[in-house]
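Notes follow the structure.
The values are calculated or read from the model by the stated rules, or taken from the named source; none is laboratory data. These figures come from a predicted structure and were not determined experimentally. So basically every Cβ, Gly included, is an ideal-geometry build from the backbone, and we count neighbours across all protein chains shown.
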Amino acid sequence: MEQTQHSPSRIDRMSRILAIHSRIVEADLDLAVFMQLVVDTLQEFTRARGAVVELVEIDEMVYRAASATIAEHVGLRLPRKGSFSGLCVEEAKVLRCDDAETDTRVDAEACRKVGVRSMICAPLFQEGSPIGVLKVMSSVANGFCDQDVYDLESMSAVLGAALGKQVAFNRLEKAERRLRASEARLSAILEHANDAVVSIDQNARIIQWNRAAEQLFGWRFDEAIGRDAIELLAPIHQRESTRRLLEESAHKPSISGINIRKEVCALHRTGSELTLECSLGVLQMEEWREFTAFLHDISARKQLEQALRDLAQTDALTGLANRRQFMDLLHLAIARSQRSKVQLALFYMDLNGFKLINDTLGHDVGDQALCEFAQRLTGCVRETDVIARLGGDEFTLLAEGIETREQAEALAHKIIATLQPSLQGTDIYLATSIGISLYDGSADADSYLRQADAAMFAAKRQTDGGSRLVFHPR
């Protein structure tokens with residue numbers, strides 16, 4: 001486009017460029033509207049057929065805004081390599097094409113598609129790197145003069161900087177929106193998680209408390225947030241050690257990302273103790289650390305495990321130790337005796353006439369007799385003594401610290417005396433045959449038990465239905 005004598009002077013043109021710059025940089029618009037304002041202003045200022053903003057997207061140049069005459073081409077994608085705009089980005093300088101049909105730098109077919117014969121491209125920079133181009137186009141060859149090149153270069157400097165900032169702001173805004181959306185999704189996931197999620201800062205203040213935490217501990221969100229988690233949740237006997245561990249973790253050089261999985265005890269609002277499975281994560285922030293615990297109540301599971309252990313070691317009818325547990329304890333007692341010379345006395349007992357009770361009065365009365373014998377036996381011995389039901393009507397008592405036959409005999413008579421009252425609600429009197437073996441320091445557990453068993457059978461052979469005791473060796 002040839003400049004006429006009526007064209008604005010250079011000063012006038014520069015004044016218009018500065019005015020346009022002020023108008024655009026002060027505009028509070030989103031990116032799409034901002035780019036549209038740029039191209040409309042460019043077309044008006046240069047009197048071109050059309051103007052466009054193309055942005056770099058990996059290996060393509062994409063029409064992101066265009067003046068009204070070529071608006072239909074917004075969204076057009078051209079290969080960055082081999083295009084005039086791509087070359088402008090690569091060389092990072094203003095380029096001018098006077099005839100698209102003869103200029104080898106230009107994609108002639110693409111120009112025909114848009115209706116362009118001549119053009120000027122000026123690069124747009126963001127932090128020193130080209131991110132796209134401003135382009136004005138004419139439908140005729142030689143549509144622009146040197147003054148137009150100079151003006152567009154000046155325009156691109158001021159508009160490109162503003163547009164670059166707007167592009168950066170738009171990208172940041174999109175990133176922030178994605179981050180907010182991600183945080184919202186994460187918050188929703190945590191809020192509706194089956195596990196309790198509790199986050200604390202390095203001073204133990206609660207900063208996150210989800211719905212499952214409310215249900216698990218009994219404290220509402222507004223009651224828990226900001227509270228000291230250790231004072232609120234830790235059992236009293238664990239608070240000092242827990243706080244010390246937190247303080248050590250808060251000052252370790254680098255523990256971000258560490259995940260610790262363990263069983264912990266915690267308090268419900270009512271004061272009842274919970275057994276929890278805890279997965280603890282540590283997040284290193286700029287100047288502080290956060291600790292997030294995923295907590296799952298395993299109290300019922302632990303109770304079941306304990307019940308199974310008890311079932312494996314306890315007689316279901318009487319609640320006494322069973323044969324398995326008794327033998328374990330007998331092994332330990334013998335080891336202590338051999339190491340520390342602690343004396344042992346082993347009593348092997350059965351109920352006289354128990355088969356007759358079962359056969360004539362039924363198993364319910366037989367079970368009652370066994371439970372009554374277990375209770376009376378428990379009531380006349382020390383807490384440190386071990387009582388067990390080995391099976392059927394056979395019971396054992398292991399007493400440590402009994403050194404003489406006289407002491408053992410006194411305890412046996414105490415047991416016999418407790419059997420004097422009849423079985424409650426019946427006229428049945430219980431009686432027992434007792435075999436007693438004082439440990440000689442040499443026998444193993446099985447041999448020691450057999451010694452007491454043999455003495456019990458000797459006592460049983462001598463009884464006339466009443467209680468009797470026999471020592472091994474006699």
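Quick look at the numbers
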quantity: Out of 342, 381, sole residue that is part of a loop (DSSP other than H, G, I, E, B), aliphatic (A, V, I, L, M) and surrounded by fewer than 16 Cβ atoms within 10 Å (Cβ to Cβ); calculated: 342
quantity: Top-ranked residue of the range 444-471 - restricted to ones that are of a type in the set (A, V, I, L, M, F, W, C) and in contact (Cβ under 8 Å) with a residue 60 or more places away in the chain, ranked as farthest from residue 356 (Cα to Cα); calculated: 445
quantity: Exclusive hit being under 30 Å from residue 466 (Cα atoms), modelled with pLDDT of 90 or more, touching a helix residue (DSSP H, G or I) at 6+ places or on another chain (Cβ under 7 Å) and not β-branched (Val, Ile, Thr), set 274, 330; calculated: 330
quantity: Residue 214 vs. criteria over 16 Å from residue 293 (Cα atoms), among the acidic types (Asp, Glu) and part of a helix (DSSP H, G or I); calculated: no
quantity: Strands (runs of 3 or more DSSP E) contained entirely in the range 391-474, each with at least 1 residues that are assigned by TED's automatic domain parsing to the domain that holds residue 341, among the hydroxyl-bearing types (Ser, Thr, Tyr) and closer than 13 Å to residue 349 by Cα; calculated: 394-400, 432-438
quantity: Residue in the range 288-307 that is modelled with pLDDT under 85, closer than 30 Å to residue 348 by Cβ and assigned to a helix (DSSP H, G or I) present; calculated: yes
quantity: Filter result for the condition that a residue is touching a helix residue (DSSP H, G or I) at 6+ places or on another chain (Cβ under 8 Å), at pLDDT below 90 and in the same structural domain as residue 147 (by TED's automatic domain parsing), over 43, 36; calculated: 43
